Amino acid sequence: KQEVTQIPAALSVPEGENLVLNCSFTDSAIYNLQWFRQDPGKGLTSLLLIQSSQREQTSGRLNASLDKSSGRSTLYIAASQPGDSATYLCAVKGNFNKFYFGSGTKLNVKP
Amino acid sequence: DAMVIQNPRYQVTQFGKPVTLSCSQTLNHNVMYWYQQKSSQAPKLLFHYYDKDFNNEADTPDNFQSRRPNTSFCFLDIRSPGLGDAAMYLCATSREGQSSYEQYFGPGTRLTVT
């Protein structure tokens, strides 16, 4: 069964710092990988989707990479802002329309 | 805007009293999912519909049922809620076909069991 791990579980950085969040998965047979943002008590907001044939995707200050063979993805956030404070989750899509989630990294950006 | 809507946003029910959570979508996606998420945990897939085909996860308790009367709507029924069922319930959709598409989530329903 697919296992998705996100390290660290929590991260606190000063405003303006560049940072990297990590996601690893055990089964490389995935269709895509998606990064989400979740604010407290809210649903999930999609940030970036990387298809299995792609290496990276960019949106504004966010850049996500995918190394399927090693089972790893990173989310790079440039010039972090207090508004970036949230929990970031990654999910991989496997067979039979199933998505497997990590437990997330809780990010706090201090002003 | 096309979206995923969940009602109610907050639901309080009594121990053992049946409750129904609602999800609707205007995206015309053929797959709809229900997840349970407890504090600081990953969303846990309960079941999903591919069109009208129901797919239950092996570890989803029998206490949880679902209905999808049409493409746009999907319901989560909890027949006899226990204290351990208090959680955020998330509905999501995706469109499946030749290519692989992303998931879109609703805002969630926070369930409290008293």
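The values are calculated or read from the model by the stated rules, or taken from the named source; none is laboratory data. Model, not experiment: these values are computed from the prediction. Here the Cβ positions follow ideal geometry from the backbone for every residue, glycine too, while neighbour counts run over all protein chains shown. In case anyone asks, the SASA skips ligands and DNA or RNA and just uses the protein heavy atoms, side chains included. Shrake-Rupley method; radii C 1.70, N 1.55, O 1.52, S 1.80 Å.
Details
- Among the residues examined, B:Phe54 qualifies as surrounded by fewer than 16 Cβ atoms within 10 Å (Cβ to Cβ), over 22 Å from B:Arg110 (Cβ atoms) and among the hydrophobic types (A, V, I, L, M, F, W, C).
- Members of segment A:89-111 that are polar (S, T, N, Q) and over 10 Å from the mean Cα position of the chain (by Cα): A:Asn95, A:Asn97, A:Ser103, A:Asn108
- Checking B:Arg9, B:Arg68, B:Arg95 one by one, the residue that is in contact (Cβ under 8 Å) with a residue 40 or more places away in the chain and touching a Lys or Arg at 6+ places or on another chain (Cβ under 8 Å) is B:Arg9 and no other.
- Answer from A:Phe36, A:Phe96 - the residue that is part of a loop (DSSP other than H, G, I, E, B), within 14 Å of chain B (Cβ to nearest Cβ) and either open to solvent by 50 Å² or more (accessible area, probe 1.4 Å) or within 29 Å of B:Leu46 (Cα to Cα) (or both): A:Phe96
- Output for segment A:39-85, where each listed residue is on the phi > 0 side of the Ramachandran plot and more than 10 Å from chain B (Cβ to nearest Cβ): A:Gly60, A:Gly71, A:Ala79
- Candidates are the residues of segment A:62-80 that are over 11 Å from A:Leu19 (Cα atoms) and assigned to a loop (DSSP other than H, G, I, E, B); the one that is least open to solvent (accessible area, probe 1.4 Å) is A:Gly71.
- When residues in segment B:1-46 are screened for being modelled with pLDDT under 95, in a loop (DSSP other than H, G, I, E, B) and of a type in the set (A, V, I, L, M, F, W, C), 4 of them pass.
- Any chance A:Val109 is away from chain B (no Cβ under 14 Å) and not in a loop (DSSP other than H, G, I, E, B): yes
- Exactly one residue out of A:Gly41, A:Gly16 is open to solvent by 30 Å² or more (accessible area, probe 1.4 Å), closer than 20 Å to B:Gln103 by Cα and part of a loop (DSSP other than H, G, I, E, B): that is A:Gly41.
- Sub-8 Å Cβ pairs linking a first residue in segment B:36-56 that is closer than 19 Å to A:Val92 by Cα and touching a residue at least 24 places away in the same chain (Cβ under 8 Å) to a second residue that is among the basic types (Lys, Arg) and part of a strand (DSSP E or B), at least 6 apart or interchain, are B:Gln36/B:Lys44; B:Gln37/B:Lys44, ordered by first then second residue.
- Number of residues in segment B:71-92 that are under 14 Å from the mean Cα position of the chain (by Cα), open to solvent by 60 Å² or more (accessible area, probe 1.4 Å) and in contact (Cβ under 8 Å) with a residue 60 or more places away in the chain equals 0.
- Candidates A:Leu44, A:Leu48, A:Leu89, filtered to the one that is under 20 Å from B:Gly106 (Cα atoms) and at pLDDT below 95: A:Leu44
- Among (1) surrounded by 14 or more Cβ atoms within 10 Å (Cβ to Cβ); (2) polar (S, T, N, Q); (3) under 16 Å from A:Gly43 (Cβ atoms), the one test that B:Thr60 misses: (3)
- Scanning segment B:63-101 for residues that are assigned to a strand (DSSP E or B), farther than 14 Å from B:Leu46 by Cα and modelled with pLDDT of 95 or more returns a single hit, B:Phe73.
- Test: A:Tyr31 is open to solvent by 30 Å² or more (accessible area, probe 1.4 Å) and either touching a helix residue (DSSP H, G or I) at 6+ places or on another chain (Cβ under 8 Å) or facing chain B (nearest Cβ under 9 Å) (or both): yes
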